[in-house]
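What follows is a set of notes on a single structure, which appears directly below.
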Amino acid sequence: MTVRIQTEDFDAGFEISQLHKNHKDIGAVVSFIGLVRDMNDGDAVSQLTLEHYPGMTEKSLASIINQAKARWNIVEALIIHRVGTLQPSDQIVLVTVSGAHRGEAFAACEFMMDYLKTEAPFWKKEATPQGEHWVEAKSTDDAARERWGMGK
């Protein structure tokens with residue numbers, strides 16, 4: 001199980017291939033790649049700056065991988081999250097899960113992404129034509145988290 005916070009871009013194909021390398025017991029690999037949008041809530045976004053709390057962020061992400069492993073029979077999991085200043089269409093996050101069966105891998109991947117959106121200590125600041133502003137949490141993200149029994 002791997003967690004990486006980095007400023008550099010990632011090669012999703014390479015990362016995914018490494019996740020199931022040398023594993024004959026894997027029947028499914030499920031991945032999610034998040035990208036920076038050029039619009040958010042009707043505002044044009046020219047760049048996104050992500051900040052995090054070093055040490056705490058990695059522990060938080062490792063915790064969600066451990067929770068996913070406790071709920072589903074998964075073999076490996078990887079979370080890569082970028083920080084720093086990003087442009088629209090840049091890759092921001094990769095969540096990949098491997099397991100014996102697709103159902104458990106899909107569920108674990110979705111669970112991990114829902115956790116990331118609501119619980120991981122990242123702060124996002126968008127640059128728009130109206131100026132820069134910090135991005136507020138969305139109620140839809142909270143609802144996604146709650147369906148997993150993860151109320152605040």
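What follows draws every value from the coordinates through simple rules; no lab data is involved. What you see is a predicted model; the values in this text were computed from it and never measured. No Cβ is skipped: glycine too gets one built from the backbone with ideal geometry, and neighbour counts run over all protein chains shown.
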**Study point:** Spatially close lysines, pair count over region 1-118: Cα under 22 Å, gap of eight or more or interchain
**Key:** 5
Point to revise | Positive-end residue of Ser46, Ala120, Leu86, charge dipole of the chain with Cβ unit charges | key: Ala120
Review point. Expressed as a whole percent, how much of the Cα-Cα distance distribution for region 2-146 exceeds 23 Å?
Key: 36 percent
Practice item. Using the number of other C-beta atoms within 10 angstrom as an exposure proxy, rank His101, His20 with the fewest first. Key: His101, His20
Point to revise | Size of charge dipole - region 32-152 - debye, nearest 20, with Cβ of Lys, Arg +1 and Asp, Glu -1, no other charges | key: 400 debye
Exercise for review: Using a Förster distance of 30 angstrom, determine the FRET efficiency expected from the C-beta separation of Trp123 and Lys24, and round it to 0.05.
Suggested key: 0.15
Review point. Gain in length, Lys59 to Ser46, computed as 0.36 nm per residue apart minus the alpha-carbon separation, to one decimal in nm?
Key: 1.6 nm
Study note, to complete from the structure: Relative contact order as a percentage, the chain, C-alpha pairs under 8 Å and 6+ apart, gives 32 percent
Review point. Where is the GNM fluctuation largest for the chain (alpha-carbon springs, 10 angstrom cutoff): Gln91, Gln130, Gln67?
Key: Gln130
